[in-house]
C-alpha cells in the first residue's frame, strides 16, 4: 500500500506534536511493509531533519507565504504525488495544502482520510480567518472525506459541527518508540548544568503558547513554592510569544532563579530533560492526546495533566493525576507527588507499563493500515 501523508509543517521545532506524529507513523508504516511518503512545505527542513525520515520519502514544496502556509506553484507536484498514492492521509486542518490535496484527490477519485489531531476547534488567534476558511473549503473538505480519525474517543465529538457522525470516526491514539527513550542514549546532565542538587524538578515540554498552558503551570509552581517546597521548574520548548511574559511573571513571584528556560530541545537533549525531572506537567488548555505524557511514561516519570488533554486514562492506570486547567488544582496535585517519593516512583512505573502495553507506533500504524484497507475495499 502506498500512503501519502499531508502535513504542511514537518519542521521539528515549529511543527510540534503533529509533525512528530506524522513522522513516527510514516516510519511505522514502512516497518509494516507499506510505502510511506510525506508531502509538506520546505520550512525548516535541515539536513538533520531529512535524516530523521529514514526510508520515508519527503516531497517538500516551496512556500509562497509563511504566515498562512501557502504553497508556491505546486499544483502539478501535488497531482503527481496523489497519482502515485493509494490513499491520502490529511493531518491537522487549517492549511491551504490540505484543501489543495483534498480537491485534487477527489478529482482523481483517490480516497482521503482526515486526521485533525485535535485541530478542528477554532482555538487561538485568527478565529475570523478560520471561520472564513471553514465556510469556503474546510468544512466541506472534512465532510467529504472517505474516513475520519480521532486520536481519542473524546475528540470524536469535535467532528459534529462538520456534520460528521462521531460514531463514524475511528479512534487511533498516538504512540511511542519505547527503545528511543532509554536512559543510555543521552549524555547531558541538566541537574549538574543548572546547579540543581537534591531539589525536585518539575518539567514542562512543549511550545510556549497559550494553548499549552505554560502560564497556568507557572502560577501553580508559585503556589507550590509558597508552601516551602524547594522545587525547580524547567520549560523545554520553543518560544511562541510567551517567554517574555513568563519571565516577567517569574520575577514578580520572586522565582527567577528557580525557573529555567531551556528553549527547543532535539531528541537527545529532550530525553535528558525527562530523566532530570521528578514530575512532568502537561497544563494544556486544549490537546487531542498528549505525546508528552507518553514520552514521560516511556521514561518512567509520573505526570500531572489537565482534563483538557484527552488522556484521562492516565489516572485510571495510576500513572499520574488529572486535574482541571486551574493553578490551585494543579499545585495541589504537584505537591501531592513532590511530597511522596514512593507515590512518584509507583506512578512512574505504572505509566511506563501502561504506555508500553497500549501506545506504540506499530500498534497505531496497524490500525491505520486496517482502516486504509477497508476504505479501498469500499471504493472497489
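The values are calculated or read from the model by the stated rules, or taken from the named source; none is laboratory data. Keep in mind the model is a prediction, meaning the values are calculated, not measured. When we count neighbours, we look across all protein chains shown, and the Cβ atoms used for this are built from the backbone with ideal geometry, even at glycine.
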| Just checking, which of 25, 73 is under 20 Å from the mean Cα position of the chain (by Cα) and either in the same structural domain as residue 108 (by TED's automatic domain parsing) or in a strand (DSSP E or B) (or both)? | 25
| request: Would you please name the residue that is nearest to the chain's Cα centre (by Cα), looking only at residues in the stretch 270-285 that are under 18 Å from residue 219 (Cβ atoms) and in a loop (DSSP other than H, G, I, E, B)? | output: 284
| message | Conditions first: (1) at pLDDT 95 or above; (2) surrounded by fewer than 24 Cβ atoms within 10 Å (Cβ to Cβ); (3) part of a helix (DSSP H, G or I). Residue 19 passes all but one, so which condition is the exception? | response | (1)
| task | Report the residue count in the stretch 36-59 for those that are over 24 Å from residue 369 (Cα atoms) and either not assigned by TED's automatic domain parsing to the domain that holds residue 8 or not in a helix (DSSP H, G or I) (or both). | result | 6
| Within the stretch 219-257, how many residues are part of a loop (DSSP other than H, G, I, E, B) and out of contact with any helix residue (DSSP H, G or I) (no Cβ under 7 Å at 6 or more places or on another chain)? | 9
| request: Look at residue 204 and say whether it is farther than 14 Å from residue 306 by Cα and modelled with pLDDT of 95 or more. | output: no
| said: Restricting to the stretch 294-323, name every residue that is in contact with a strand residue (DSSP E or B) (Cβ under 6 Å, 6 or more places away or on another chain), outside any strand (DSSP E or B) and either modelled with pLDDT of 95 or more or surrounded by fewer than 24 Cβ atoms within 10 Å (Cβ to Cβ) (or both). | reply: 296, 301, 302, 307, 312, 315
| query | Could you give every pair whose Cβ atoms fall below 8 Å, whose first residue belongs to the stretch 10-30 and is free of Cβ contacts under 8 Å to residues at least 40 places away in the same chain, and whose second residue is assigned to a helix (DSSP H, G or I) and surrounded by fewer than 22 Cβ atoms within 10 Å (Cβ to Cβ), counting only separations of at least 6 or pairs across chains? | reply | 11/49; 23/52
| said: Can you confirm whether residue 155 is closer than 25 Å to residue 24 by Cα and surrounded by fewer than 16 Cβ atoms within 10 Å (Cβ to Cβ)? | reply: no
